[in-house]
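Novice: I have a structure I would like to understand better, so I am pasting it below and will then ask my questions one at a time.
The values are calculated or read from the model by the stated rules, or taken from the named source; none is laboratory data. The shown structure was predicted, so the numbers you read here are calculated from the model rather than taken from an experiment. Positions of Cβ are backbone-derived with ideal geometry, glycine not excepted, and every protein chain shown enters the neighbour counts. Side chains included, ligands, DNA and RNA excluded: accessible areas come from the protein's heavy atoms. Shrake-Rupley method; radii C 1.70, N 1.55, O 1.52, S 1.80 Å.
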Amino acid sequence: QVQLVESGGGLVQPGGSLRLPCAVSGNIFKIYTMAWYRQAPGKQRDLVALISSGGSTNYADSVKGRFTISRDNAKNTVYLQMNSLKSEDTAVYYCTARIISTSPPGTYDYWGQGTQVTVSS
């Protein structure tokens, strides 16, 4: 089995910063693209940022210049650095990764359980 575990969420004031790590563990052969999504109450889950295995990144327009996605391949971890947070960034943040698993064998998209980020004064 493969597990993705997010952490680092919490309550932060507008203009503040948070760093979300997501650690991947289990029967991993290779990790391809890793990404962060978010879902606000009553809304669909939207892509925030993604990073390829080679380090190429892509961001939603709403977070460009404020958020940075990075990965540490030695630690099988992806990070989301969030700066200049706004109230509209309030959501549950999920990490996901496309992984070649050794057990069960195959390529799958795995998701974490999510971490709540609340931006409020």
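Novice: Once the dipole of the chain is set up with Lys and Arg at +1 and Asp and Glu at -1 on Cβ about the Cα centre, which of Thr57, Ser25, Trp111 lies farthest towards its positive end?
Specialist: Value: Thr57.
Novice: Below 8 Å between Cα atoms, with a sequence gap of 6+, how large is the relative contact order for the chain in percent? Don't skip to the end; give the middle numbers.
Specialist: On the way: 306 pairs, mean separation 44.8, N = 121.
Reported relative contact order: 37 percent.
Novice: Turning to a different aspect of this structure: Give me the 1.4 Å probe accessible area per residue for the chain, excluding ligands and nucleic acids, in Å². The partial results should precede the final answer.
Specialist: Numbers: 6270 Å² over 121 residues.
In whole numbers, the chain has 52 Å² accessible per residue.
Novice: For a test of understanding, tell me how many lysine pairs in the chain have Cα atoms under 29 Å apart, given they are 8 or more places apart or on different chains. Each step should come with its number before you reach the end.
Specialist: Numbers: Lys30/Lys64; Lys30/Lys75; Lys43/Lys64; Lys43/Lys86; Lys64/Lys75; Lys64/Lys86.
Lysine pairs satisfying the spacing and distance rule in the chain number 6.
Novice: If ligands, DNA and RNA are left out, what is the accessible area of Thr57 with a 1.4 Å probe, given in Å² to the nearest 10?
Specialist: Solvent-accessible area, nearest 10 Å²: 70 Å².
Novice: Quick one: pull the percent of accessible area on region 68-121 belonging to carbon and sulfur, 1.4 Å probe, ligands and nucleic acids left out.
Specialist: Numbers: 1210 of 2580 Å².
Carbon with sulfur: 47 percent of the solvent-accessible area.
Novice: On the full set of protein chains, 1.4 Å probe, figure out the accessible area of Asp46 and give it in Å² to the nearest 10.
Specialist: Approximately 70 Å² of Asp46 is accessible to the 1.4 Å probe.
Novice: Please give, to one decimal in nm, the separation of the simple spin-label points placed at Ser87 and Ser103, each 7 Å out from Cα toward the Cβ.
Specialist: 5.0
Novice: Taking the Cα centre of the chain as origin, work out the dipole magnitude from +1 charges on Lys and Arg Cβ and -1 charges on Asp and Glu Cβ, in debye rounded to 20.
Specialist: Working: 11 positive and 7 negative charges, 24 e Å.
Using Cβ point charges on Lys, Arg, Asp and Glu, the chain gives about 120 debye.
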